[in-house]
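Laboratory data are not the source of any read-out in this text; all were calculated from the coordinates shown. Fair warning: this is a prediction, and the values are worked out from it, not measured in the lab. When we count neighbours, we look across all protein chains shown, and the Cβ atoms used for this are built from the backbone with ideal geometry, even at glycine.
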Ligand code: MTE
């Protein structure tokens, strides 16, 4: 995702330079670029959500499990993004063995009636993990189909009793240089942070994940607790969460802070809005025995194919501007 990652993307996948330059020129001509920076990403608050018609129970149920061919366990656990363990796809599976996942505590703070430090067992007590088979679309242009095990984030957040003032939820990853060699280099302004609007966090598809493929979550995939939001680019799926904070205003998030023109706060999968350095129209689907680098290219769908379930949350929001 950094400038120096570019060579890893096969040249055929990168937007043709002429097209890219043309787009830049067009944006400049229309004087849109400054507006995108000012409004779309860093400054200001997006408009308050206007809820559209709620999705039906049948469409929600349809979103819980895709029947598409699944990614192999070996691929989902050896081709990872976890910058705390390096920026190479194979780094986390090699290096993350040093992550100690038990005991594990989560600091709850902000606009809620139940702040305080919680052991993961207490936070999740009584909630039975269920299997959800979701597509995962990375902003870099690859995707997987993964059977996750987890509990609805909404169920956990309700226990913490957000106040009426809570509008967003912010999450933080552990940043311990003794366990995470990557945090010694300043690629990201550590700790890794992510956030959701409260209605997104409470949506029934949003999952707090503790396992995958019927097994406990491996360290490289974000053990012992990570977020999965299937209609958003994969970077919203923050790993190894140690803090949850309810906030009144939009929280700062790691990739958006670093490069707001490339990584929006909402990060809803949208094939109509190109990343400034590549197209988002298609994705490399790493599934079955498909070769990782040259896997089949398929069309990317708005909201990663979960529009029926989630689009109503964004009624009235200009999705090209608030990406
Ligand atoms: N969480 C942390 N803490 N650090 C990271 O570097 N990478 C994100 C996300 N969560 C990342 C993270 C990105 S870019 C993606 S695509 C997914 O994790 C990848 O999840 P996976 O390795 O389980 O496929």
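Be a star and scan segment 167-187 for residues whose amide nitrogen sits under 16 Å from the point 7 Å along the Cα-to-Cβ vector of residue 122.
Taking a point 7 Å out along Cα→Cβ of residue 122, no residue of segment 167-187 has its backbone N under 16 Å.
With a point put 7 Å past each Cα toward its Cβ, work out how far residue 272 is from residue 289 in nm, to one decimal.
The modelled label-to-label distance comes out at 4.0 nm.
How much of the calculated P(r) for segment 241-323 lies past 18 Å, in percent of all Cα pairs?
Every Cα pair in segment 241-323 considered, those over 18 Å come to 57 percent.
Translational diffusion coefficient, Stokes-Einstein: compute it for segment 171-254 using the Kirkwood radius over C-alpha pairs as Rh, at 20 °C and 1.002 mPa s, and state it as an integer in µm² s⁻¹.
Here the translational diffusion coefficient equals 157 µm²/s.
With the crude spin-label approximation of a point 7 Å out along Cα→Cβ, what separation in nm comes out for residue 130 versus residue 299?
A separation of 3.1 nm, rounded to one decimal place.
Taking 0.36 nm per residue of separation and subtracting the Cα-Cα distance, what length does fully extending residue 78 through residue 187 add?
So the chain would gain 37.1 nm between residue 78 and residue 187.
Compute a Gaussian network model of the chain, connecting alpha carbons closer than 10 Å, and tell me which residue from 298, 286, 106 fluctuates the most.
298
Between residue 98 and residue 61, what FRET efficiency comes out of the Förster formula 1/(1 + (r/R0)^6) with R0 = 45 Å and r the beta carbon distance, rounded to 0.05?
So the FRET efficiency works out to roughly 0.65.
With viscosity set to 1.002 mPa s and temperature to 20 °C, compute the Stokes-Einstein D of the chain, Rh being the Kirkwood radius across alpha carbon pairs; µm²/s, no decimals.
106 µm²/s
Can you tell which of 55, 147, 251 shows the greatest fluctuation in a Gaussian network model of the chain with Cα springs below 10 Å?
Among 55, 147, 251, the largest GNM mean-square fluctuation belongs to 55.
Which whole-number percent is the relative contact order of segment 3-314 (Cα, under 8 Å, 6+ apart)?
23 percent
Starting from the 7 Å offset along Cα-to-Cβ, what nm value, one decimal, do you get for the label separation of residue 257 and residue 105?
About 2.3 nm separates the two model spin labels.
Could you please state, rounded to a whole Å, how far the C-alpha centre of segment 258-323 is from the C-alpha centre of segment 174-225?
When both Cα centres are located, 20 Å separates them.
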